[in-house]
Amino acid sequence: LETGHGVEIVGELSLAAIAVGGMAMAQQKVVLYGTGTAANIGRPQIGKTGTAQNYSDAWFVGAVPQLVAAVWVGFPQGQISMQFPTTRISPVYGGTWPAQIWRAFMVNATQNLPVKPFPTSNVRFVTLRIDVTQGCLANPYTPPQNIDTQTFNSGNVFRVDKSNHFVRFFEHYI
């Protein structure tokens, strides 16, 4: 890490790996303790339920490390509310029929897949002082009111262009 002109910070993680590591923890709780418990297949998995405001659509999207699947429940004819008497349960949420259908599918789809944990990441962060009026790294002469301290994932690549403007890339460089 340099702090002068030509700053370049190169990390070892892609943004996708970092996102998976952080989101997987939260989305595992949906299936273990939250609205998606009906989808629990007893192995590492993530999930997200969803329901339209008028109960016309309900879905469950879930995954194990090797496979992703989504289930949508609704009426293809239009935005018809899935509440009694239209449906036998009232109302249909993403954690009801969609989660149950997803579970039935995934129990069979994963029976020959090895149980694997979701990837984790050792996320490292770097804090930089940015001159918000110029869009570049702050220097010792930048007025304090123009400085914003921002924290970035060190897996990003940063550089300062020829005009000393701060440029950030969200790509993984090997």
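Solvent-accessible area of Met25, probe 1.4 Å, all protein chains present, reported in Å² to the nearest ten, please.
Spelled out: Met25, probe radius 1.4 Å, area about 120 Å².
Counting Lys and Arg as +1 and Asp and Glu as -1, what is the net charge of the other residues whose Cβ lies under 11 Å from the Cβ of Trp97? Before the final figure, lay out each step's value.
Working: positive: Arg88, Arg103; negative: none.
Spelling it out: positives minus negatives among the neighbours equals +2.
Accessible area per residue of the range 57-132 at 1.4 Å probe, in Å²?
Details: 4670 Å² over 76 residues.
Heavy-atom SASA per residue in the range 57-132 reads 61 Å².
All other residues with a Cβ under 14 Å from the Cβ of Arg43 taken together, and with Lys, Arg as +1 and Asp, Glu as -1, what is their net charge?
Details: positive: Arg103, Lys116; negative: none.
Neighbourhood net charge equals +2.
The values are calculated or read from the model by the stated rules, or taken from the named source; none is laboratory data. Note that the coordinates shown come from a computational prediction; the quantities given were computed from them, not determined experimentally. Here the Cβ is made from the backbone with ideal geometry for all residues, glycine too, and neighbour counts use every protein chain on show. Heavy atoms of the whole protein, side chains included, go into the accessibility calculation; ligands, DNA and RNA do not. Shrake-Rupley method; radii C 1.70, N 1.55, O 1.52, S 1.80 Å.
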